[in-house]
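Enquirer: Below you'll find the structure I mean.
The values are calculated or read from the model by the stated rules, or taken from the named source; none is laboratory data. Here the structure is a predicted model, which means the values were calculated and not measured. Methodologically, a virtual Cβ is constructed for each residue, glycine included, from the backbone with ideal geometry; neighbour enumeration extends over all protein chains shown.
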Amino acid sequence: MITELNSQIAISHDAITSPSSVPTHGRYVGFSRALKTVGRWIERSRQRRKLADLEDWQLKDLGLSRAQVNREIAKAFWR
């Protein structure tokens, strides 16, 4: 009786912890989404640094004022 119970517990434990029973799709999607988000943050930061480096005549060509640029570069990287 005890050995039968132990074997059932072992089977239940293996079923719970085996790689095939753990949904991996959700983990990979979450990790992929996090990487994309971090990538967007890095890209925004890079673009804002480039924007801050532009001369006033270049901003005028783009139709931007220095005040608009200053507001943009003051934003947090995640915004």
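Enquirer: With the requirement that a residue be among the hydrophobic types (A, V, I, L, M, F, W, C), surrounded by fewer than 10 Cβ atoms within 10 Å (Cβ to Cβ) and over 22 Å from the mean Cα position of the chain (by Cα), what does the stretch 50-79 give you?
Expert: Across the stretch 50-79, the qualifying residues are Trp57, Ala67.
Enquirer: Would you say Arg44 is exposed (fewer than 12 other Cβ atoms within 10 Å of the Cβ) and in a helix (DSSP H, G or I)?
Expert: no
Enquirer: Just the residues that are of a type in the set (Asp, Glu) and assigned to a loop (DSSP other than H, G, I, E, B), please, taken from the stretch 47-79.
Expert: Correct list: Glu55 only.
Enquirer: Let me ask another. Of all the residues that make up the stretch 10-41, how many are surrounded by 10 or more Cβ atoms within 10 Å (Cβ to Cβ), in a helix (DSSP H, G or I), among the aliphatic types (A, V, I, L, M) and modelled with pLDDT under 55?
Expert: The total comes to 3.
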